[in-house]
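The values are calculated or read from the model by the stated rules, or taken from the named source; none is laboratory data. Quick caveat, the model's predicted, so the values are computed rather than measured. Please note: Cβ atoms are built from the backbone with ideal geometry, for glycine as well, and neighbour counts cover all protein chains shown.
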Amino acid sequence: MCLGIPGRVLEIYERDDLPMAKVEFGGIVKEACLAYVPEAQVGDYVIVHVGFAISRVEPAEAEEIFAYLEQIESAGAAEPPAATTPADSPPSSPLSDDFASGFPP
């Protein structure tokens, strides 16, 4: 599953003729391309997916998303449960056996 995460634009600049930004995600600052949202300004919230800002969002909507993400994390749903018995493990297939033994055989 892929998620777009909201972040706040801290700085806007150009790199290789592309609009770029430093975007803060809960204290972590990453670089994102603004080519899809050239109207974004410093202080705006944008949804970032695989390094591209794909839309602007209102601050209230960003806060709502942050609250949902915190609920997921606190519920322990952020990580899948570990397989504890062989019955919990996915069934073997000829392809998975090839990868386990080194592909190609």
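For this structure, a couple of remarks:
- Any hit, the range 71-85, residues being exposed (fewer than 12 other Cβ atoms within 10 Å of the Cβ), modelled with pLDDT under 85, among the β-branched types (Val, Ile, Thr) and not in a helix (DSSP H, G or I): yes
- Residue list for the range 37-69, filter: more than 15 Å from the chain's Cα centre (by Cα), outside any strand (DSSP E or B) and surrounded by 15 or more Cβ atoms within 10 Å (Cβ to Cβ): Val37, Ala40, Asp44
- Subset of the range 1-36 that is among the β-branched types (Val, Ile, Thr) and buried (at least 20 other Cβ atoms within 10 Å of the Cβ) - its residue that is nearest to the chain's Cα centre (by Cα): Val23
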